[in-house]
Amino acid sequence: MFPTIQTLPELERWYANAGTQLYGGEAISQLEHALQSAHFAQLAGASPSLITAALLHDLGHLLANQQDHDVEQGIDDHHEALAVTALKPLFGPAVLMPIALHVEAKRYLCAIEADYLASLSSASLQSLQVQGGVMNQAEVAKFAARPYAADAVQLRRFDDQAKVVDLPTSSLTDYLSIAAAVSLTAQSPL
């Protein structure tokens, strides 16, 4: 059973404890990838909800304790579903749905943009195969019609950019303050 995360300090602990693991075949850590994703979302002028989704989109890899060679061995940890389940106590659909759809967004972009597929890193190409491969036309139409599909595509692009060794970003604390502003607890009446 995977945990649900009830508070932002719990999120911070997950990244402090497991965030030093390498990010699936890339030369950066899980935490660096999360911070860079949020950084690129912020640079693009994304909403606080989408910045938060960018920060947290791969939390499921930490929860599943993804190992470096899992993808090479054909293991899909379904990290997007794990993250959404864990984060439901804290966030609404504007954060959760782009996270839920970001894997499908990669498959979608590969189907509609020839250059996109060619731009993927070798690790991302490996995970694409494990996650279902390039979408067919029926899947493309179904994905495009989903609520939050456009946000998921933006998140995917931030995700793809966030693989830069030693890129300076704001701190986890800074991005968690953005997350606090869009959390369900911030939206609840006192």
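The values are calculated or read from the model by the stated rules, or taken from the named source; none is laboratory data. Nothing here was measured: the structure is a model prediction, and the numbers come from that model. Here the Cβ positions follow ideal geometry from the backbone for every residue, glycine too, while neighbour counts run over all protein chains shown.
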Say whether the condition of being under 17 Å from the mean Cα position of the chain (by Cα) and charged (D, E, K, R) is met by at least one residue in segment 108-121. no
Could you look through segment 133-177, keep only residues that are aromatic (F, W, Y) and closer than 16 Å to C110 by Cα, and pick out the one that is surrounded by the most Cβ atoms within 10 Å (Cβ to Cβ)? F158
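Looking at Y148, Y175, which is the one that is on the phi > 0 side of the Ramachandran plot, modelled with pLDDT of 95 or more and touching a helix residue (DSSP H, G or I) at 6+ places or on another chain (Cβ under 6 Å)?
Every option except Y148 fails the conditions.
Counting only residues that are assigned to a helix (DSSP H, G or I) and either aliphatic (A, V, I, L, M) or touching a strand residue (DSSP E or B) at 6+ places or on another chain (Cβ under 6 Å) (or both), how many does segment 112-159 have?
Going through segment 112-159, the residues assigned to a helix (DSSP H, G or I) turn out to be 112, 114-119, 122-130, 137-144, 149-159.
After this cut, where a residue has to be either aliphatic (A, V, I, L, M) or touching a strand residue (DSSP E or B) at 6+ places or on another chain (Cβ under 6 Å) (or both) as well, the list is 112, 114, 117-118, 123, 125, 128, 130, 138, 140-141, 144, 149-150, 152-153, 155.
So the count comes out to 17.
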Please work out which residue is modelled with the highest pLDDT, limiting yourself to segment 58-83 and to residues that are closer than 9 Å to I99 by Cβ and touching a Leu at 6+ places or on another chain (Cβ under 6 Å). A83
Within segment 160-175, residues being among the hydroxyl-bearing types (S, T, Y) and not in a helix (DSSP H, G or I) number 3
